[in-house]
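The next block holds one structure in the form of structure tokens; read it before the comments.
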Amino acid sequence: MPVFNHPEFDHHQQIVFGSDAASGLRAIIAIHDTTRGPALGGLRIYPYASEEAALTDVLRLSRGMSYKSALADLPLGGGKAVIIADPRRDKTPELLRAMGRLVDSLGGAYITAEDSGSSEADMQVIAEVTDHVGGLRREGGESGDPSPFTAWGVFCALKSAVRHGLGRSDLEGVRVAIQGIGHVGEHLARHLHDAGAQLVLTDVNREALAHLAEELGAEAVDPEAIFDADVDLFAPCALGAALDADVVERLRARVVCGAANNQLATPQVAERLRERGILYTPDYVANAGGVIEIAWQRRDDYDRAAVMAHIEGIEATLDEIFARASREQRSPAAVADALARERFGRG
């Protein structure tokens, strides 16, 4: 399995493969860049079809974390970890502790946190064997779950995208399709509902979908039908690569803004969105709220109001990106990438 010639390899500083026979651990940690600080990125536990698929995911996700931290103006680099396992069946305390030992072996170059397939409770177990963990419950019992902060950041991003893509200063009556109502998608749906948006929802969890749709007065559709929904804005909030060549031609929305990482199946998709007049919101800018919260957790001067102000700055960052993209007749994705590379010294 090639690494240096892998299409997603982007001069990553370190890639570590770890295994533990006793617990069944099979994991990969990718550290993309540490110019701005230690590499922070979540732990994804997923039953990948192959080791190559896991490597592709961790390379893309770690690179995205470098860009995310840079544009969120955080003193952090980018990294990510994946465990090849079914989180519902294979996740055990022994597996998590083995993962913690692997993280600890890197001496603080990589800081892990929760992601798809892992939880705050899992981070507590990992923290038994390493200090290099974010997203933990703070003193006083307040949850360290970054999901609500991620969702609030996406909501702030969405307001900028609606202004630039729809010419609207409010969300009253704006039709939004949300793909995925997990931790982040559900919070986002509630924010949008409170702001007066009309929602179309989908998720593979039919029971959760039906419950939330009834509560919010939203329309529920099958997962495959969400791309054809007659909406103003499409919000991908599930796994990555939701926007491929086929989906881009089917979208009826004029704006894309969601919480998922790596929404573009290929870089060319961003240009096709622009050609179709669909405003794409760079995912790693929109979904930075969680990493901002985790970064603040590691500071001695943690202040909730300062955290929220930092997250709400996502809106102004996107205003700058959208305005520059319009002036230069470029995709917002290309503009955001260029700005991020400048900030961690690869411009």
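Worth pointing out:
- Residue match in region 179-187 (condition: touching a residue at least 24 places away in the same chain (Cβ under 8 Å), in a loop (DSSP other than H, G, I, E, B) and open to solvent by less than 10 Å² (accessible area, probe 1.4 Å)): yes
- Checked against (1) open to solvent by 10 Å² or more (accessible area, probe 1.4 Å); (2) at pLDDT 95 or above; (3) within 28 Å of Thr266 (Cα to Cα), Asp131 meets all criteria but (3).
- Helices (runs of 4 or more DSSP H) enclosed by region 11-126 - at least 1 residues per element that are touching a Gly at 6+ places or on another chain (Cβ under 7 Å) and of a type in the set (Gly, Ala, Ser): 51-71
- Scanning region 211-226 for residues that are in a helix (DSSP H, G or I) and among the hydrophobic types (A, V, I, L, M, F, W, C) returns Leu212, Ala213, Leu216, Ala225, Ile226.
- Residues being within 22 Å of Thr150 (Cα to Cα) and not in a strand (DSSP E or B) - total across region 191-210: 12
- Out of Leu166, Leu136, one residue alone is of a type in the set (A, V, I, L, M), open to solvent by 10 Å² or more (accessible area, probe 1.4 Å) and at pLDDT below 95. It is Leu136.
- In region 191-204, the residue that is nearest to the chain's Cα centre (by Cα) out of those that are touching a residue at least 12 places away in the same chain (Cβ under 8 Å) and surrounded by fewer than 17 Cβ atoms within 10 Å (Cβ to Cβ) is Val204.
- Unique match (being closer than 30 Å to Glu315 by Cβ and among the aliphatic types (A, V, I, L, M)) among Ala53, Ala27, Ala70: Ala70
- The residue list Ala210, Ala305, Ala225, Ala286 contains one member that is of a type in the set (A, V, I, L, M) and either touching a residue at least 40 places away in the same chain (Cβ under 8 Å) or touching a helix residue (DSSP H, G or I) at 6+ places or on another chain (Cβ under 9 Å) (or both), which is Ala286.
The values are calculated or read from the model by the stated rules, or taken from the named source; none is laboratory data. What you see is a predicted model; the values in this text were computed from it and never measured. A quick note on method: Cβ atoms are made from the backbone with ideal geometry, for glycine too, and the neighbour counts reach across all protein chains shown. Ligands, DNA and RNA are stripped out before the accessible areas are found, and what is left, the full protein with its side chains, is counted by its heavy atoms. Shrake-Rupley method; radii C 1.70, N 1.55, O 1.52, S 1.80 Å.
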